[in-house]
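The values are calculated or read from the model by the stated rules, or taken from the named source; none is laboratory data. Please read all numbers here as calculations on a predicted model, not as lab measurements. Here the Cβ positions follow ideal geometry from the backbone for every residue, glycine too, while neighbour counts run over all protein chains shown. Each accessible area value is taken on the protein alone, full model and side chains, heavy atoms only, with ligands, DNA and RNA left out. Shrake-Rupley method; radii C 1.70, N 1.55, O 1.52, S 1.80 Å.
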Amino acid sequence: MNGEVNKETRQAAEAESTSNTPEDILGPLFKAAASRGGINFTYALLRVAGETYNTPDPFLILQSKLMELDWAASEDAILSQYCALATCEAPLELLANLLRCARGEPYHMFPFLHLYRGEFPHGSKPTAVEMAEDVALTATQDGKPEISQLLRDAYTPDILAAVVPGDAAPAKAQIEEALRKCALFLSAFLKVYSEVRLEFRELPRFHKLLGFQVLELLVDEETGLYGIKVHLPSGESACLLRRPDSTKCVNVEPGPPLRFCMSGLTKAPDEWRVGTKRLYEIGLPGRYNKLGEWKPIDYQGGDHAPIGARAEAASPDPDVQGALFYIMCTGHWVVEFALLAPLELPSEQVTLGERFHLYRCPPLQGLAEGSRYQRVYDGWWDLESIEPDAIRLAISEIGLHVNMMALAYRVSASWQLKYRMRDISRGCTCPSEDGLLALDSMLGNLSRTDDAFVLHAAIDWYNRGTSARNVFAEFLCYYIAMESVAIALHEGKADFGMGYVPARVPKKRREQQRDECIARKYEELYATSPTRFVEEAYSKCVVGLAQQVRGVAEHIFGHDHEYVHALFKERDGYSLSSMRSRIAHGRLSLRRREHEDLVWSRVYEMSRIAREFLMRLALRLGPDAAIPRWSQSSLIGVSGFDPRGFLVASPELLPNKDWRIRPEWFL
């Protein structure tokens, strides 16, 4: 169906003197119905009110009649042609439903039911004139008088009444004018209708609906939209199909509103499914948040605990878990993140490579002066696969892209994933009075000494570790925090009142120890890993940093302390010291999942050791002294105005309706 008409009708359309053609008037109605009608607009376009077989589509019959119009026919023949066009109910039913959709009302299979007279089964149908007048009145009430005028011009009561015996026949010129206007209207209507159905070829195939239902659009190249299939969470399906000679309507309650029904034999899960597959396994195009927004995931009040468990079981990495949870809940194959930097990119939206996208958010009113030059960016990364390793690599690539931008433009950039399975915020710590006294004593011991400068640099390394996004960088920062102070102690550049005196070994003895160390490493490693032999022989035998750190660690913790064993005794083939060396020399890499898992498994241990090492030095505590217990009390609040406090929430339950990304969400 393409809305074609015969030559005479087309010439009449070209001769139409009005400023707005019927197509100009009808087009906005279809757009308004699509905008406000949602899925009901799709129902309206299909015009399915039940099942039919070997029954031609009324629109195809109407199109055929328009193509066969004979303007040179007799007066009776022209009247007959006009009545054949004007008494076709299908266009009027669709118009009535388009107006309903434009008002946000549901599709009605029988939009003129209110015009029927009498009781079923003896009631009488309304006439075409009554239907047209009803639609015209509705259009006028909806502020669309131009549509009302089109209908009243096309459906003339006086002409249609002429088919009743005994009525006076109108003049031929009057009949021809009525036929011309009716043909113009219906030709334009069919043309716009056909074009709208063809536009569905470009739309995504699957769409999420309420109640964990999935809408599948059925399209072909010739017709465009010819049906819908609704996949129910129980694994069942419903459908509405319109073919040239039949219609199909399965598992549908007519309504209004139209509903899809399940057998109810099995409990349906709270998830979107397409047959035996989960929707997220198929994937939806686009992303969950509108550009510039960051809001909690709306899971329609369903039980999302099984999805959380599935995401946590797939990966130990909370970043990957959060990305998987987002994908499983929304169906979108992207990783969303937010970026804050004093960087004004040249255009509102930027794509680097093929998958890294940034949108510059418009500045918000009322920001603090310190945020004046900061720019907020909404970012996302398109995923090729939703396997945990692919997501982990994508998150690493996001970090690389952000760091390269910061390096290239010499700015400090802060970024974070929008969704994590575990909240990383620490709330507000509440020190006790005793804790403040201990802190005051510690600062008094360190003030205005060389030790303070050494410790300050080490604490800075430690703090960098706590804020690092890369687990390898985090591990190195913790180790360097400890190592830098240990070397300063060994070289006599700091003291901390610990009484540490490094053993002074004669030069010849040092050379002998070095040669023995190299020989030992050769026997252990050369045959299986020459590269590792060179690395360890250099770091442990020639440079000897590990031995310097070990001597200090034994003095601080005690020779047989668990921390000393963790640092220098291999466990499953690795000590913390050997891991530090291998990370620094690239022998442990983010490109290898087992390496990342190894570092993840021991980074907290390294953090704990480095912190206690620094605390003992700051408080001048030997291995037998206990470290004061610092207050563990914290204030943790959850704000309904901050998406970081809610991974999943129903929007109507939250006070915040403005989810534009804010700079304070990066703190």
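Please report the relative contact order for the chain, taking Cα pairs under 8 Å with a sequence separation of at least 6, and give it as a percent rounded to a whole number.
Numbers: 949 pairs, mean separation 77.1, N = 667.
In percent, rounded to a whole number, it is 12.
Using the per-residue mean of other Cβ atoms lying within 10 Å as a proxy for protection, in what order, highest first, do the peptides 319-329, 398-408, 81-91, 579-589 fall? Don't jump to the answer; show the numbers that get you there.
Details: 319-329: 25.2, 398-408: 16.0, 81-91: 19.6, 579-589: 17.6.
Going from most to least packed, we get 319-329, 81-91, 579-589, 398-408.
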Exercise. Arrange the peptides 209-215, 111-117 so that the one whose residues have, on average, the most other Cβ atoms within 10 Å appears first.
Key: 209-215, 111-117
Exercise. Pop the C-beta distance of Gln300 and Gln374 into the FRET formula with R0 = 25 Å and round what comes out to the nearest 0.05.
Key: 0.10
Quiz item: Of Lys125/Lys248; Lys125/Lys181; Lys31/Lys267; Lys418/Lys657, which ones are farther than 27 Å apart at the Cα?
Solution: Lys31/Lys267
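Multiply the residue gap between Ser234 and Glu516 by 0.36 nm, knock off their C-alpha separation, and tell me the result in nm, one decimal place. Don't skip to the answer; put the middle values down first.
Working: separation 282, 0.36 × 282 = 101.52 nm, distance 7.10 nm.
Taking 0.36 nm per residue and subtracting the Cα distance, the gain is 94.4 nm.
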Practice problem: Evaluate the distance, in nm, between pseudo-label points positioned 7 Å from the Cα of Leu400 and of Ser124 along their respective Cα→Cβ axes. | Solution: 7.9 nm
Quiz item: Percent relative contact order of region 341-420, based on C-alpha pairs within less than 8 angstrom and at least six residues apart?
Solution: 30 percent
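Work out the length of the dipole vector of the chain about its Cα centre, built from +1 on the beta-carbon of each Lys and Arg and -1 on the beta-carbon of each Asp and Glu, and round it to the nearest 20 debye. All intermediate terms of the calculation are to be shown ahead of the outcome.
On the way: 76 positive and 89 negative charges, 603 e Å.
Dipole of the chain, to the nearest 20 debye: 2900 debye.
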Practice problem: Mind jotting down the distance between the C-alpha centroids of region 72-95 and region 382-408, whole Å? | Solution: 63 Å
Self-check item: Relative contact order (%) - criterion: Cα under 8 Å, at least six apart; region: region 122-231
Solution: 15 percent
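Per residue, how much accessible area does the chain have with a 1.4 Å probe, in Å²? Kindly include the intermediate steps, with their values, before the conclusion.
Details: 34430 Å² over 667 residues.
Using a 1.4 Å probe on heavy atoms only, each residue of the chain averages 52 Å².
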Quiz item: Taking +1 at the Cβ of each Lys and Arg and -1 at the Cβ of each Asp and Glu, which of His357, Leu241, Ala33 sits farthest along the dipole of the chain towards its positive end, judged by Cα position relative to the Cα centre?
Solution: His357
Exercise. Only loop residues by DSSP count here, and only those with at most 15 other Cβ atoms within 10 Å; note down the trypsin sites (Lys or Arg not before Pro) in region 262-310 that meet that.
Key: Lys267, Lys290
Exercise. Tell me what the chain gives for mean residue ellipticity at 222 nm when only DSSP H runs of n ≥ 4 count, each as -39,500 (n - 2.57), the sum divided by the residue total, rounded to 500 deg cm²/dmol.
Key: -14500 deg cm²/dmol
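Carbon-plus-sulfur fraction of the accessible area of the chain, 1.4 Å probe, in percent? Before the final figure, lay out each step's value.
Working: 18070 of 34430 Å².
Answer for the chain is 52 percent, counting heavy atoms of protein chains only.
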Practice problem: Could you state the angle between the C-alpha long axis of helix 90-102 and the longest principal axis of the C-alpha atoms of the chain, as a value from 0 to 90 degrees rounded to the nearest 10? | Solution: 40 degrees
Self-check item: Cβ charges +1 (Lys, Arg) and -1 (Asp, Glu), total dipole of region 176-314, debye
Solution: 80 debye
